[in-house]
């Protein structure tokens, strides 16, 4: 009789504890999954931002190179008429740097 009572008491105490452990484990798993999902989303958006910033910089450099090229056309026309533009050397250096930078970014 005492053995049955002890057995019944042990069973009654372990069943709720086991069910609580399962619920707790499920909540822990959900929490871990949620945090992993949040972590995996952060680098993706940061990577997109870096790529967008890089493309924006490339566009700005290309626009500047285009503007300098157009300015060089008028500078060269003035040079043909015997007028030396004082910034022509700096413009050529800047064009060279921008073209080199753009070429490296495209490779």
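Laboratory data are not the source of any read-out in this text; all were calculated from the coordinates shown. Quantities reported herein were computed from a predicted structural model and do not represent experimental measurements. Ideal geometry is used to build each Cβ from the backbone, glycine not excepted, and the neighbour counts take in all protein chains shown.
Select from segment 77-107 the residues that are in contact (Cβ under 8 Å) with a residue 24 or more places away in the chain and closer than 10 Å to residue 65 by Cα and list them in ascending order. Full working, then the answer.
First, the residues of segment 77-107 that are in contact (Cβ under 8 Å) with a residue 24 or more places away in the chain: 94-95, 98-99, 101-102, 105.
Residues satisfying the conditions are 94, 95, 98, 99, 102.
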Residues in segment 70-107 that are under 30 Å from residue 53 (Cα atoms) and touching a helix residue (DSSP H, G or I) at 6+ places or on another chain (Cβ under 7 Å) total 10
